[in-house]
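A quick write-up on the structure given underneath.
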Amino acid sequence: MMKEECLICGAPLEYLETDEMMECAVCRKKEPSKTRCVSGHYVCDACHTAGMDSLIGLCLEAASKDPIEIINSMMAQPFCHMHGPEHHIMVGAALIAAYRNAGGEVDLEAALKEMEARGGKYPGGSCGFWGCCGAAVSVGMFWSIVTGTTPLSGKTWGLANQATAAALQEIGSLGGPRCCKRNSFTAIRAGAAFVKEHLGVEMELPEEIVCHYYGNNRQCIREKCPYYRKPE
């Protein structure tokens, strides 16, 4: 398998300590960033997530109550890379679709569009640079959307922050370096458990979650990851 990193040349990424002005190798937009490949290529978040429009269609068509099954269908699409900010949308979208299919009350299409809008604003690399993984924030966004939470809400405002915290705690306990697949699976598990406890809607989760993407991850932690299975 190709060990995917730079979308332009496949070289490993490097992370700088401070922002530098960079030009996207795809759209030529210039903006500050800490991330580029070792050969100097930079791809902005918008170009990195090109093709995400198909996500809403996938979720509208999904009949499953299992958000892991739904996000795996997204991960199999050409727009999804090994790592990237697309996961900040996909986690919440998978939870929204599974929540609706499990009996949760939500305007599915409107909720998915809002998830895409909110998740698309959360930048890549935040897990390391901000100490708050976008997969966990996606759980909080999901919660806020399905409960109609705003900054002026009461109980659900507190629970939205607790939902993010629950996912972040589970992600952080596994340690680094980052893996968008590991973090997404972990965030979904935490989000589904949180919804069951606080909203009484029970999604379905597989007895065992197995990652099939480790061959694309140069930094895979292998046996330390709960989703890694050593090949026979």
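Listing for the model above:
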read-out: In nm, spacing of pseudo-spin labels at residue 165 and residue 31 (7 Å Cα→C-beta vector); value: 3.1 nm
read-out: Estimated D of the chain in µm² per second, where Rh is the Kirkwood radius over Cα pairs and Stokes-Einstein applies at 4 °C, 1.567 mPa s; value: 72 µm²/s
read-out: Dipole axis of the range 7-62 (+1 Lys, Arg; -1 Asp, Glu on Cβ), positive-most option in 27, 52, 13; value: 27
read-out: Integer Hz, Karplus 6.51/-1.76/1.60 couplings in order for the range 213-220, x for Gly and Pro; value: 10, 4, x, 8, 10, 4, 9, 4
read-out: Kyte-Doolittle at least 1.0, axis length at least 15 Å by Cα - qualifying DSSP helices, the chain; value: 134-147
read-out: Expected 222 nm ellipticity per residue - DSSP helices of 4 or more, -39500 (n - 2.57), all of the chain, to 500; value: -14000 deg cm²/dmol
read-out: Debye log10 I(q)/I(0) for the range 1-107, one point scatterer per Cα, at q = 0.13, 0.19 Å⁻¹; value: -0.57, -0.92
read-out: Value of relative contact order over the range 73-132, rounded to a whole percent, pairs C-alpha under 8 Å and six or more apart; value: 39 percent
read-out: Per-selection Rg to Rh, the range 72-180 - Cα, Kirkwood hydrodynamic radius; value: 0.96
read-out: Extension gain (nm, one decimal) between residue 38 and residue 218, 0.36 nm per residue minus Cα-Cα; value: 63.4 nm
read-out: Inter-site label distance for residue 228 and residue 19 at 7 Å from Cα along Cβ, in nm; value: 3.5 nm
read-out: Pairs of alpha carbons in the range 129-232 whose separation is greater than 22 Å (percent); value: 35 percent
read-out: Compactness of the range 171-212 - radius of gyration and Dmax, Cα, Å; value: 11.7, 34
read-out: Most fluctuating residue given options 182, 118, 28, as computed from a GNM of the chain linking Cα atoms under 10 Å; value: 28
read-out: Potential lengthening between residue 204 and residue 60 on full extension [0.36 nm per residue; Cα-Cα distance subtracted]; value: 50.1 nm
read-out: Note, ³J(HN,Hα) from phi for the range 5-21, Karplus 6.51, -1.76, 1.60, rounded to Hz, x at Gly and Pro; value: 9, 5, 6, 8, 10, x, 6, x, 8, 10, 10, 8, 6, 10, 5, 10, 6
read-out: Spin-label proximity, residue 130 to the range 77-102 - amide N less than 14 Å from point 7 Å beyond Cα toward beta carbon; value: 85-89
read-out: The range 98-232 - accessible surface per residue (Å², probe 1.4 Å); value: 51 Å²
read-out: Pairs from 34/230; 121/230; 121/181 whose Cα-Cα separation, in the structure shown, is over 30 Å; value: 34/230; 121/230
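The values are calculated or read from the model by the stated rules, or taken from the named source; none is laboratory data. It should be emphasised that the depicted structure is a prediction, and the values quoted were computed from it without experimental measurement. With ideal geometry, Cβ positions are generated from the backbone for all residues, glycine too; neighbour counts draw on all protein chains shown. Side chains included, ligands, DNA and RNA excluded: accessible areas come from the protein's heavy atoms. Shrake-Rupley method; radii C 1.70, N 1.55, O 1.52, S 1.80 Å.
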